[in-house]
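One structure below.
The values are calculated or read from the model by the stated rules, or taken from the named source; none is laboratory data. Quick caveat: nothing in here was measured; it's all calculated off a predicted structure. Virtual Cβ from ideal backbone geometry, glycine too; neighbours counted across all protein chains shown.
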Amino acid sequence: MDETTPGPDGLEEIPWGQRFYDRPFVLLALGMTIMLVVFTGWGLWEILSLPTATLP
C-alpha cells in the first residue's frame, strides 16, 4: 500500500491513524479480539468470585 500522497508541498506521508482506519478487516479482527478477551475475563471473574454454595 502506498504510504505517501501528493500534497501542495510535494509528497506527504499518510498518518498512522488514517492508514489503520483504512483497513476495515483489521478493525473487525481487533474488535472481535477485544470482545473475546473482555467477556472471557469477565465470565472467569464472575465464576471465581461466586460464593460457595451451601448444600442441604
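Glu12 meets all of the listed conditions (1) exposed (fewer than 10 other Cβ atoms within 10 Å of the Cβ); (2) in contact with a Pro (Cβ under 9 Å, 6 or more places away or on another chain) but one, namely (1).
Output yes when any residue across region 41-52 is surrounded by 10 or more Cβ atoms within 10 Å (Cβ to Cβ) and hydroxyl-bearing (Ser, Thr, Tyr), and no when none is. Within region 41-52 (the criterion being surrounded by 10 or more Cβ atoms within 10 Å (Cβ to Cβ) and hydroxyl-bearing (Ser, Thr, Tyr)), the answer is no, since none of the residues qualifies.
For first residues located in region 1-29 and part of a helix (DSSP H, G or I), partners that are modelled with pLDDT of 90 or more and of a type in the set (A, V, I, L, M, F, W, C) and lie 6+ apart or on another chain with Cβ distances below 6 Å do not occur.
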